[in-house]
Amino acid sequence: MAKIQLNGKKITIRSKVSIRDILKKYKLDNKKVAIELNGTIIAKDNFKKKYLKNNDKLEIVHFIGGG
Amino acid sequence: MKKDIFKVANLKLKSRLIVGTGKYKNFKETALAIKSSGADMVTVAVRRINILDKKKPILTDYLDPKKITYLPNTAGCFSSSEALRTLRLAREMGGWKLVKLEVLGDKKTLYPNMTETLKSTKVLVKEGFKVMVYCTDNPLLAKKLEDVGASAIMPLASPIGSGLGIQKKINILRIIKQSKVPVIIDAGIGTASDAVIAMEMGCDGVLINSAIANSKKPILMAESFKNAVIAGRDAFLAGRMKKNYQAIPSSPNKGLI
């Protein structure tokens with residue numbers, strides 16, 4: 001088990017969970033999002049091999065309407 | 001006649017009207033308004049995904065980024081570091097290099113912080129971004145932006161969302177005259193006539209959001225702006241008649257009965 005912050009919300013995940021697993025869990029298309037882990041942008045190619053650990057801060061963003 | 005081509009950072013655009021995608025009632029209305037505006041470039045914002053609401057519709061379902069150019073912006077950023085972070089994320093999302101930078105200085109006026117804007121433009125250009133820059137209508141600062149590599153100068157006509165039209169024509173004219181990159185009016189346009197004036201003055205394009213989204217019939221207003229931008233551009237290319245401060249008859253006097 002690990003406690004992480006996802007988009008500012010505290011959540012608990014199993015251990016050995018990758019970014020790709022998180023995207024799957026929330027049914028998010030990896031083509032339509034960008035990800036920052038502890039302030040560093042993670043390239044799409046690394047979603048699969050990047051595992052989350054305790055106290056990680058994950059930000060998942062996408063495009064919304066704006067002027 | 002030479003074809004009138006509108007290019008920003010080597011990207012050819014069919015329409016000189018760029019439309020924002022904020023403030024609409026829903027995505028359906030956004031998509032319909034954009035279709036009726038004829039715009040082939042739209043601005044979009046970068047925000048956190050709402051992870052709790054998995055069924056919430058998303059913009060890309062309604063506006064295909066393959067069919068219309070997404071111009072990621074940094075609306076809501078009040079510092080260079082926030083703006084850079086946003087645009088780097090936007091680039092990661094789908095390879096967007098052409099972006100719109102706006103670094104705001106004050107919540108009340110939403111005026112751009114030009115010191116931070118200049119600083120950010122330099123960094124972004126260095127990182128390979130093509131940067132269209134929201135700025136004040138100060139010709140000297142506009143020139144500085146161009147010197148550090150801005151791909152387009154986007155001066156405000158009046159404050160964001162105010163709908164007050166072009167307040168300082170003389171500054172905008174100066175910027176148009178001096179700039180080698182496109183000058184696009186960003187912010188403050190209220191209705192179609194404001195866009196016609198901007199285009200007649202020689203602006204390369206206009207960016208509209210609130211004036212369309214906050215009108216009573218956004219889809220009709222979008223079409224009105226499409227026509228306004230075309231009309232204003234054509235009038236600019238045609239060249240207006242000289243102003244005469246006395247009447248000159250339109251019909252010949254010869255042969256009067």
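A search for C-beta distances below 7 Å between a residue of segment B:228-253 that is more than 22 Å from B:Ser36 (Cα to Cα) and any residue that is at pLDDT below 95 and surrounded by 10 or more Cβ atoms within 10 Å (Cβ to Cβ), counting only pairs 6+ apart in sequence or on different chains, returns B:Leu237/B:Asp4. Among the residues of segment B:2-43, those that are small (Gly, Ala, Ser), in a loop (DSSP other than H, G, I, E, B) and within 14 Å of another protein chain (Cβ to nearest Cβ) comprise B:Gly22, B:Ala39.
Residues that are within 11 Å of chain B (Cβ to nearest Cβ), of a type in the set (Val, Ile, Thr) and under 22 Å from B:Ala90 (Cβ atoms) within segment A:1-55 comprise A:Ile22, A:Val33, A:Ile35, A:Thr40, A:Ile41, A:Ile42, listed in sequence order. If you filter segment B:84-129 down to residues that are part of a strand (DSSP E or B) and under 26 Å from A:Asn46 (Cβ atoms), you find that the one that is farthest from the other protein chains (Cβ to nearest Cβ) is B:Leu98.
Scanning for something among the aromatic types (Phe, Trp, Tyr), under 30 Å from B:Val19 (Cα atoms) and out of contact with any Lys or Arg (no Cβ under 6 Å at 6 or more places or on another chain), does segment A:20-30 turn up at least one residue? Give the steps one after another, and end with the answer.
Going residue by residue through segment A:20-30, those that are among the aromatic types (Phe, Trp, Tyr) are A:26.
Those left that are additionally under 30 Å from B:Val19 (Cα atoms): none.
No: segment A:20-30 contains no residue that is among the aromatic types (Phe, Trp, Tyr), under 30 Å from B:Val19 (Cα atoms) and out of contact with any Lys or Arg (no Cβ under 6 Å at 6 or more places or on another chain).
Return the total of residues in segment A:9-48 being surrounded by 10 or more Cβ atoms within 10 Å (Cβ to Cβ) and either outside any strand (DSSP E or B) or on the phi > 0 side of the Ramachandran plot (or both). Reasoning before the result, please.
Residues of segment A:9-48 that are surrounded by 10 or more Cβ atoms within 10 Å (Cβ to Cβ), as a first pass: A:9, A:11, A:13, A:15-26, A:28-38, A:41-44, A:46-48.
Subsequent filtering for residues that are either outside any strand (DSSP E or B) or on the phi > 0 side of the Ramachandran plot (or both) retains A:15-17, A:19-26, A:28-33, A:38, A:43-44, A:46-48.
Selection size over segment A:9-48: 23.
Here's the yes/no breakdown for (1) in a helix (DSSP H, G or I); (2) touching a Lys or Arg at 6+ places or on another chain (Cβ under 8 Å); (3) buried (at least 16 other Cβ atoms within 10 Å of the Cβ); (4) among the basic types (Lys, Arg):
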| site | (1), (2), (3), (4) |
| --- | --- |
| B:Val181 | no, no, yes, no |
| B:Ile185 | no, no, yes, no |
| B:Asp194 | yes, no, yes, no |
| B:Ile212 | yes, no, yes, no |
| B:Asn244 | no, no, no, no |
| B:Ser251 | no, no, no, no |
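Test of understanding: among B:Ile34, B:Ile18, which residue is out of contact with any Gly (no Cβ under 7 Å at 6 or more places or on another chain), touching a residue at least 24 places away in the same chain (Cβ under 8 Å) and either among the β-branched types (Val, Ile, Thr) or closer than 20 Å to B:Ile160 by Cα (or both)?
Details: B:Ile18 fails: out of contact with any Gly (no Cβ under 7 Å at 6 or more places or on another chain).
Just one listed residue meets the conditions, B:Ile34.
The values are calculated or read from the model by the stated rules, or taken from the named source; none is laboratory data. Keep in mind the model is a prediction, meaning the values are calculated, not measured. Cβ: placed from backbone, ideal geometry, glycine included. Neighbour counts: every protein chain shown.
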